[in-house]
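Reviewing the structure listed below.
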Amino acid sequence: MKFTYAILILFAFLIHCASSASKENSEGNGSLMETIIEKAQSEEGQKAIKTVKEQATDKENQEKVKSLLNKEKK
């Protein structure tokens with residue numbers, strides 16, 4: 001269960017990085033995956049990944065994610 005939440009949060013982070021990178025990269029060079037990998041490997045990306053992992057183990061955050069998923073199912 002924790003792994004699922006960690007993946008969801010990590011996926012959200014990657015989408016966020018990709019969208020911010022596409023705004024910064026107005027020339028259009030480089031692919032989306034390359035941009036995601038670069039962001040994830042940067043110091044900022046590593047800090048964000050570490051934070052996500054810590055938040056994924058937090059019981060309060062797990063309950064919030066569960067309630068959001070339950071709302072979406074209904």
> Going through region 15-74 one residue at a time, which ones are part of a loop (DSSP other than H, G, I, E, B) and either at pLDDT 75 or above or surrounded by 11 or more Cβ atoms within 10 Å (Cβ to Cβ) (or both)?
Replying inline: Asn25, Gly30, Ser31, Ser42, Thr57, Asp58
>> Pairs please, first residue from region 1-28 and farther than 25 Å from Lys66 by Cα, second anywhere and modelled with pLDDT of 65 or more and in a helix (DSSP H, G or I), Cβ atoms under 7 Å, 6+ apart in sequence or on different chains.
In response: Ala18/Leu32; Ala18/Thr35; Ala18/Ile36; Ala21/Thr35; Ala21/Lys39; Asn25/Thr35
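The values are calculated or read from the model by the stated rules, or taken from the named source; none is laboratory data. Every value quoted in this text rests on a predicted model; they were computed, and no experiment measured them. Don't worry about glycine lacking a Cβ; one is built from the backbone with ideal geometry, like all the others, and counts go over all protein chains shown.
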